[in-house]
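Student: Just passing along the structure, written as structure tokens.
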Amino acid sequence: MENEVMLEVSRTEFDLRKTLVLGQAFGWHYDEKQDVYYKGLFGSLLAVRQEEDGLYINQPNRIEEVRDYFDLNLSYNRILDEMKTSGYIKAVMEKGRGIHILKQDMFEMIVTFTISSCNNMRRINNSVLRICEAYGKKVEADGYMAYTFPTAADIKEKGTELLKDMGLGYRCAYIEKETEYFCQADANALRDLDDMALYKELTGLSGVGDKVASCIMLFGAHRLDAFPVDRHIKRALEEMTGCKYDRRQYAPYNGLVQQYIFYDRTN
């Protein structure tokens with residue numbers, strides 16, 4: 001990649017592939033031949049590849065934003081090493097070592113996880129890409145091309161009618177209401193709410209139930225204790241032998257444990 005710069009981080013601390021295959025973020029493209037992941041972010045095209053010594057990115061002026069997005073300023077290894085675990089939980093945490101929780105845009109999280117309800121990863125990603133193409137900004141760099149995820153204002157300006165041709169079904173009406181909400185709400189003010197107030201605000205939105213709200217809190221508001229329960233997590237907890245999962249034991253990092261369990265069940 002042209003003009004690339006390296007962010008020094010070990011693969012044991014941060015693993016790009018593990019982090020991006022978990023379904024916490026949509027709209028990432030993968031070039032298998034070049035081993036590069038790219039996505040329209042920060043109003044431009046971000047291309048990222050990983051070597052043993054660190055991450056290489058094509059946006060030298062976006063270093064701090066990339067660090068924040070991938071949460072590289074927090075040592076997850078330190079958290080894991082200080083956690084008292086055993087048995088199944090210890091095993092999945094070691095298997096998933098390198099996974100980070102991304103810090104993402106709240107509106108993008110609300111829309112994408114509304115789409116995720118009763119859906120599969122491939123269809124979710126395709127729907128997200130269609131929304132980006134219809135409403136987002138086209139960005140190009142190093143021979144790659146993508147579209148940024150639109151703001152609520154972008155969708156409102158072009159009109160929500162376009163959503164009805166994207167195979168979103170009943171979710172279309174939810175996204176229309178979420179768009180209207182975010183055209184008036186302050187996303188930063190949402191981030192400042194405490195956990196209970198944020199949960200209440202999110203579940204007050206059309207199409208946002210317990211699991212989707214927990215996903216938004218974890219992957220958007222970066223509440224690392226949020227614990228979304230889908231069929232993979234539910235089954236894993238049911239199959240745990242010899243112990244019950246006690247959220248008090250892993251607070252305030254239950255969200256990390258959830259991602260390690262999810263990675264173990266799906267990879």
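The values are calculated or read from the model by the stated rules, or taken from the named source; none is laboratory data. Model, not experiment: these values are computed from the prediction. Glycine gets a Cβ as well: all are built from the backbone with ideal geometry, and neighbour counts include every protein chain shown. Quick note on the areas: whole protein, heavy atoms, side chains included, nothing else; ligands and nucleic acids left out. Shrake-Rupley method; radii C 1.70, N 1.55, O 1.52, S 1.80 Å.
Student: Which one is nearest to M240 (Cα to Cα), of the residues in region 50-78 that are among the hydrophobic types (A, V, I, L, M, F, W, C) and open to solvent by 30 Å² or more (accessible area, probe 1.4 Å)? It would help to see each step written out before you state the result.
Tutor: We begin by selecting, within region 50-78, every residue among the hydrophobic types (A, V, I, L, M, F, W, C); these are 55, 57, 63, 66, 70, 72, 74.
Among the residues that remain, those that are also open to solvent by 30 Å² or more (accessible area, probe 1.4 Å) are: 63, 74.
Values: I63: 41, L74: 29 Å.
Once the filter is applied, the top-ranked residue is L74.
Student: For residues that are farther than 17 Å from A25 by Cα and either buried (at least 21 other Cβ atoms within 10 Å of the Cβ) or in contact with a Cys (Cβ under 9 Å, 6 or more places away or on another chain) (or both), tally how many sit in region 199-222. Walk me through how you get there before you give the answer.
Tutor: Taking region 199-222 as the starting set, the residues that turn out to be farther than 17 Å from A25 by Cα are 199-210.
If we keep only those that are either buried (at least 21 other Cβ atoms within 10 Å of the Cβ) or in contact with a Cys (Cβ under 9 Å, 6 or more places away or on another chain) (or both) as well, we get 202, 208.
Here the count works out to 2.
Student: Looking at (1) open to solvent by less than 30 Å² (accessible area, probe 1.4 Å); (2) assigned to a helix (DSSP H, G or I); (3) in contact with a strand residue (DSSP E or B) (Cβ under 6 Å, 6 or more places away or on another chain); (4) not polar (S, T, N, Q), which one does A134 not meet, given that it meets all the others?
Tutor: With respect to (1) open to solvent by less than 30 Å² (accessible area, probe 1.4 Å); (2) assigned to a helix (DSSP H, G or I); (3) in contact with a strand residue (DSSP E or B) (Cβ under 6 Å, 6 or more places away or on another chain); (4) not polar (S, T, N, Q), A134 is out only on (3).
Student: Let me ask you something else. Restricting attention to region 223-250, report how many residues are open to solvent by 30 Å² or more (accessible area, probe 1.4 Å) and modelled with pLDDT under 95. Even if it seems obvious, please write down each step before you answer.
Tutor: Residues of region 223-250 open to solvent by 30 Å² or more (accessible area, probe 1.4 Å): 223, 225, 229-232, 234-235, 237-239, 241-249.
Subsequent filtering for residues that are modelled with pLDDT under 95 retains 229-232, 234-235, 237-239, 241-249.
Counting residues in region 223-250 that are open to solvent by 30 Å² or more (accessible area, probe 1.4 Å) and modelled with pLDDT under 95 gives 18.
Student: Going by the conditions given, is S75 closer than 30 Å to G143 by Cα, of a type in the set (G, A, S) and at pLDDT 95 or above? Talk me through it step by step, then tell me what you get.
Tutor: Numbers: closer than 30 Å to G143 by Cα: no; of a type in the set (G, A, S): yes; at pLDDT 95 or above: yes.
When the stated conditions are applied, S75 does not pass them.
Student: Also: Do we have D81 as of a type in the set (D, E), under 16 Å from F14 (Cα atoms) and open to solvent by less than 40 Å² (accessible area, probe 1.4 Å) here? First the steps, then the outcome.
Tutor: Values: of a type in the set (D, E): yes; under 16 Å from F14 (Cα atoms): yes; open to solvent by less than 40 Å² (accessible area, probe 1.4 Å): no.
When the stated conditions are applied, D81 does not pass them.
Student: Please determine, by comparing only the residues of region 138-157 that are more than 22 Å from D186 (Cβ to Cβ), open to solvent by 50 Å² or more (accessible area, probe 1.4 Å) and at pLDDT 95 or above, which one is nearest to the chain's Cα centre (by Cα).
Tutor: Pass one, region 138-157, residues more than 22 Å from D186 (Cβ to Cβ): 138-147.
Within this subset, residues satisfying the condition of being open to solvent by 50 Å² or more (accessible area, probe 1.4 Å) are 138, 140, 142-143, 145, 147.
The next check asks that each one be at pLDDT 95 or above; those that pass are 138, 140, 145, 147.
Working: K138: 21, E140: 22, M145: 21, Y147: 17 Å.
Among those residues, the one meeting the criterion is Y147.
Student: Here's another thing I want to ask about it. Out of the strands (runs of 3 or more DSSP E) lying entirely within region 1-120, which hold 3 or more residues that are in contact (Cβ under 8 Å) with a residue 40 or more places away in the chain? Even if it seems obvious, please write down each step before you answer.
Tutor: Details: elements: 5-8, 29-31, 36-41, 44-51, 54-57.
In region 1-120, the matching strands (runs of 3 or more DSSP E) lie at 5-8, 36-41, 44-51, 54-57.
Student: Restricting to region 184-240, give me the number of residues that are aliphatic (A, V, I, L, M) and assigned to a helix (DSSP H, G or I). Quick ask: steps written out before the conclusion?
Tutor: As a first pass, look at region 184-240 and keep what is aliphatic (A, V, I, L, M): 185, 187, 189-190, 193, 196-198, 202, 205, 208, 212-213, 216-218, 221, 224, 226, 229, 233, 236-237, 240.
With assigned to a helix (DSSP H, G or I) added as a condition, the list becomes 187, 189-190, 196-198, 202, 212-213, 216-218, 233, 236-237.
Total satisfying the criteria: 15.
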